[in-house]
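The values are calculated or read from the model by the stated rules, or taken from the named source; none is laboratory data. Keep in mind it's a predicted model, so treat the numbers as computed, not measured. Here the Cβ is made from the backbone with ideal geometry for all residues, glycine too, and neighbour counts use every protein chain on show. What goes into the accessible areas is simple: the full protein's heavy atoms, side chains included, and nothing from ligands, DNA or RNA. Shrake-Rupley method; radii C 1.70, N 1.55, O 1.52, S 1.80 Å.
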Amino acid sequence: MNTYTRTLTIAGSDSGGGAGIQADLKTFSALGCYGMSVLTALTAQNTKAVTGIFPVEPSFIVEQLKAVLSDIGADAVKIGMLHSPDVIEQVATTLREFGVSTIVLDPVMVAKSGDKLLQDEAVDALRTYLLPMASVITPNLPEASVLLGRSVETKADMLPAAVDLATLCPGAILVKGGHLVDAESTDLLYVSASEQHWFPTARIQTNNSHGTGCTLSSAIAAGLAKGLSVADAVAMAKAYLTGALQAGADYRLGHGHGPVHHFYNLWQ
């Protein structure tokens, strides 16, 4: 009897389809995994802005999570938008209750449009409850700055930031360099003091970059679910995202930041 590679996303819904739960499920499917979802919030969102956020009750988030894990289980879990301290604590407690050990945490704080998605008081809860459980965390430079309480802006800042984030998270740290003012977008994967990997990538000129963080973290979770090492999962995810960005650049959708092309390999 065949079995699926099971991947679960715990995140908010993007009604425009480019980020959040929708991007996660598309990524899981494109990479050959069976995707499941726990919705933490509904957003009224398009390519231009987030016009409204409707949070799901923490108790119902837990109910969704228990329904999936008690029956189907998950080989890897990706966590995205968790808007409040209560949600963060209850999600962490439930994941621990079911012994979930492979967790990719994307500390989503701000949408591509600049709209805030995380309450200020939730940052401490992230540090306390979820960072210590994560197999990989994937902050961009502004998110790393918030988590550390100091400015992380340049390539020279990335390694010291990763070292300090590693004191909060026993897993690997992927500091994303998309906000660097350089010709290349360089990410740093810090696995340990003796293992670091730099991933320099040429910048792709496109306005269709909505959901890149969600897509990358979900692709990493898919790789880990399939048994790849952290370094190999990140390398695979980076290659997948680069292809999705390149293919998506040829499309127009909406009037703001359009999505990447999650199914470019299948449509070719």
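I need the full set of residues from the range 44-93 which are more than 17 Å from the chain's Cα centre (by Cα) and within 17 Å of Ala19 (Cα to Cα), in order please.
Ala44, Gln45, Asn46, Thr47, Lys48, Ala49, Val50, Thr51, Gly52, Ile53, Phe54, Pro55
Yes/no matrix, rows are residues, columns are (1) closer than 22 Å to Gln246 by Cβ; (2) touching a residue at least 24 places away in the same chain (Cβ under 8 Å):
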position: Ser145; (1), (2): no, no
position: Ala161; (1), (2): no, no
position: Pro170; (1), (2): no, yes
position: Pro200; (1), (2): yes, no
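Is it true that Ser218 is hydroxyl-bearing (Ser, Thr, Tyr), modelled with pLDDT under 95, in contact with a strand residue (DSSP E or B) (Cβ under 9 Å, 6 or more places away or on another chain) and crowded, with 16+ Cβ neighbours inside 10 Å?
No; evaluated as a whole, the condition is false for this residue.
I'm trying to understand the selection: among the residues of the range 187-215, which are polar (S, T, N, Q) and open to solvent by less than 10 Å² (accessible area, probe 1.4 Å)?
Our first condition is that a residue be polar (S, T, N, Q); within the range 187-215, this holds for 192, 194, 196, 201, 205-209, 212, 215.
Within the range 187-215, just Thr215 meets the criteria.
Quick one: what pairs do we get from the range 90-108, first residue touching a residue at least 60 places away in the same chain (Cβ under 8 Å) and within 21 Å of Val123 (Cβ to Cβ), second among the acidic types (Asp, Glu) and outside any helix (DSSP H, G or I), C-beta under 7 Å, 6+ apart or different chains?
Pairs found: none.
For residues that are over 22 Å from Ala202 (Cβ atoms) and among the aliphatic types (A, V, I, L, M), tally how many sit in the range 222-259.
6
Here are Ala67, Ala30: which of them is modelled with pLDDT of 95 or more, among the small types (Gly, Ala, Ser) and farther than 28 Å from Ala231 by Cβ?
Ala67
I need the full set of residues from the range 257-266 which are surrounded by fewer than 16 Cβ atoms within 10 Å (Cβ to Cβ) and modelled with pLDDT of 95 or more, in order please. Spell out the reasoning first.
Here is the first cut: in the range 257-266, the residues surrounded by fewer than 16 Cβ atoms within 10 Å (Cβ to Cβ) are 263, 265-266.
Correct list: Phe263 only.
Charged (D, E, K, R) and at pLDDT 95 or above - does that describe any residue in the range 190-206?
Keep residues of the range 190-206 that are charged (D, E, K, R), which gives 195, 203.
Retained after the next criterion (residues that are at pLDDT 95 or above): 195.
The answer is yes; a qualifying residue exists.
Can you tell me how many residues in the range 7-47 are open to solvent by less than 70 Å² (accessible area, probe 1.4 Å) and in a strand (DSSP E or B)?
18
So which residues in the range 167-181 are open to solvent by less than 60 Å² (accessible area, probe 1.4 Å) and either part of a strand (DSSP E or B) or not hydrophobic (A, V, I, L, M, F, W, C) (or both)? Full working, then the answer.
To start, the set of residues in the range 167-181 that are open to solvent by less than 60 Å² (accessible area, probe 1.4 Å) comprises 168-169, 171-178, 180.
If the condition is that a residue be open to solvent by less than 60 Å² (accessible area, probe 1.4 Å) and either part of a strand (DSSP E or B) or not hydrophobic (A, V, I, L, M, F, W, C) (or both), then Gly171, Ala172, Ile173, Leu174, Val175, Lys176, Gly177, Gly178 are the ones that fit.
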